[in-house]
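Worksheet for the structure shown next.
The values are calculated or read from the model by the stated rules, or taken from the named source; none is laboratory data. Bear in mind that the values here come from a model prediction, so they are computed numbers and not experimental data. Cβ: placed from backbone, ideal geometry, glycine included. Neighbour counts: every protein chain shown. The protein model used for the area step is the full one, side chains on, heavy atoms only, and it has no ligands, DNA or RNA in it. Shrake-Rupley method; radii C 1.70, N 1.55, O 1.52, S 1.80 Å.
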Amino acid sequence: SQGPSMADKSKFIDYIDEALEKSKETALSRLFFTHQGIPYPVTMCTLETFQALDTFEARRDDILLASYPKCGSNWILHIMSELIFADSKKKYECPEFPILECGDPEKYQRMKQFPSPRILATHLHYNKLPGSIFNNKVKILVIFRNPKDTAVSFFHFHNDVPDIPSYGSWDEFFRQFMKGQVSWGSYFDFAINWNKHLDNENVKFILYEDLKENLAAGIKQIAEFFGFSLTGEQIQTISAQSTFQAMRAKAQQTHGAVGPFLFRKGEVGDWKNLFNATQNQEMDEKFQECLAGTVLGAKLKCESYCQ
Ligand SMILES: Nc1ncnc2c1ncn2[C@@H]1O[C@H](COP(=O)(O)O)[C@@H](OP(=O)(O)O)[C@H]1O
Ligand SMILES: CCc1ccc(OS(=O)(=O)O)cc1
């Protein structure tokens, strides 16, 4: 690849290896701690880091990628680093674990030294982001995926990665997902919260399923939003390097032991393999209750992807 070499993600791999090591000793019943009403995994987040997050100093040219877990954050991270490489010819180094709220409390001090543009990923609800993001008018790309495939991907992540605490069954995971008793809380609360801000001038929405349908078109939109001017050929090159197959082939090299699980199947509609009719109806009703008639409800195109 001529790109920013995800092979140089050693910080990512180190951090994940450490989290997996902690996970080995963590039973599911002890996985979460609650902060401001939201459960987070103790293997990834700490109270001290949340407190330090208030001191994080955003920059106008930071790139914030916001998503609920399993909506494709590693995909978008890769695309962004390729875009930066194409624009600047400088390899994007990933100097910290990219999820803003994960890591040790000193990371925000270290981040002051990193060159712009910095790519920050987050699973936080809009109203939990540090104020400096808004004060500095950081551009935010929000990635959503239909809730049914998101739940199925989340379940597999827990139950397939050997060191991550498993759920007793899909039915058990589904119950907890619907109650919001999973890492980073309820998909639907996350969605309701972000829905109110999708029209903000610094916020751009992108749908996982749309990217799957037309990757080049999605990458072009992302490039335009962040002000990168790329040729059609550059967009095509990045598309070819960002397909599921291309990323999965390098997953171990780029993301370490967890790589093949982070790039598991990459399909739309996998939910049909696990949802039963009752679960399907329950999620449809929850969707209606939380998102019917909203901007986000329409943008998720559930009539195409969740029915
Ligand atoms: N290039 C790509 N194309 C399509 N899906 C991708 C992808 N890269 C990652 N994904 C999918 O995004 C999900 C992980 O999201 P995250 O990066 O936020 O943890 C996984 O879904 P599946 O478990 O359904 O395969 C993964 O396969
Ligand atoms: C161990 C629980 C866990 C860890 C990481 C998660 O999200 S992400 O893969 O880092 O996006 C979710 C749950």
Open item on the list: I want the antiparallel fraction of DSSP beta bridges within the range 9-304, as a percent rounded to 5.
Closed with: 20
Task: Translational diffusion of the range 153-297, µm² s⁻¹ [Kirkwood Rh, Cα pairs; Stokes-Einstein; 10 °C; 1.306 mPa s] - done: 89
Open item on the list: Given the options Asn159, Leu47, Ser81, identify the residue whose Cα lies farthest towards the positive end of the charge dipole of the chain (+1 on Cβ of Lys, Arg; -1 on Cβ of Asp, Glu).
Closed with: Ser81
- [ ] Can you spot the aspartates and glutamates whose alpha carbon is less than 13 Å from Lys91's alpha carbon? Ignore those fewer than 8 places along the same chain.
- [x] Asp8, Glu82
Open item on the list: Can you classify the range 145-231 as rounded, prolate or oblate using the Cα gyration tensor, where a ≥ b ≥ c are the square roots of its eigenvalues, rounded means a/c under 1.5, and otherwise it's prolate if a/b beats b/c and oblate if not?
Closed with: prolate
Task: Helix-only mean residue ellipticity at 222 nm for the chain, each DSSP H run of n ≥ 4 adding -39500 (n - 2.57), per residue, nearest 500 - done: -13000 deg cm²/dmol
Task: Nitroxide proxy distance, nm - points 7 Å out along Cα→Cβ at Glu282 and Glu213 - done: 3.0
Task: Spin-label pair Glu21/Asn136, simplified geometry with 7 Å Cα→Cβ offset, distance in nm - done: 3.1
Task: Residues with amide H under 5 Å from that of Lys204, placed H, sequence gap 5 or more - done: Ile140, Leu141, Val142
- [ ] Considering the options Gln36, Ile16, Ser304, tell which one lies farthest towards the positive end of the dipole of the range 9-304, charges being +1 on Lys and Arg and -1 on Asp and Glu at the Cβ, about the Cα centre.
- [x] Ile16
Open item on the list: I want to verify a result. In a Gaussian network model of the chain, Cα cutoff 10 Å, which of these has the top mean-square fluctuation: Lys212, Lys139, Lys70?
Closed with: Lys212
Open item on the list: Distances longer than 23 Å among the Cα atoms of the range 1-159: what percent of all pairs is that?
Closed with: 40
- [ ] Along Cα→Cβ, 7 Å out, is where each label goes; now give me the distance between the ones at Asp163 and Lys179 in nm to one decimal.
- [x] 2.8
Open item on the list: Viscosity 1.306 mPa s, temperature 10 °C: give me the Stokes-Einstein translational D for the range 9-304 in µm²/s, with Rh taken as the Kirkwood radius over C-alpha pairs.
Closed with: 81
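Kyte-Doolittle mean at least -1.0 and Cα extent at least 18 Å along the axis: which DSSP H helices of the chain qualify?
Span-like helices, by this rule, are 10-24, 73-88, 147-160.
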Task: Within the range 9-304: Cβ-based charge dipole about Cα centre, in debye rounded to nearest 20 (Lys, Arg +1; Asp, Glu -1) - done: 480
Task: Arg264, Arg30, Arg248, reordered so the largest accessible area comes first (probe 1.4 Å) - done: Arg30, Arg248, Arg264
Task: Probe 1.4 Å, all protein chains present, accessible-area order of Ser23, Ser169, Ser304, largest first - done: Ser304, Ser169, Ser23
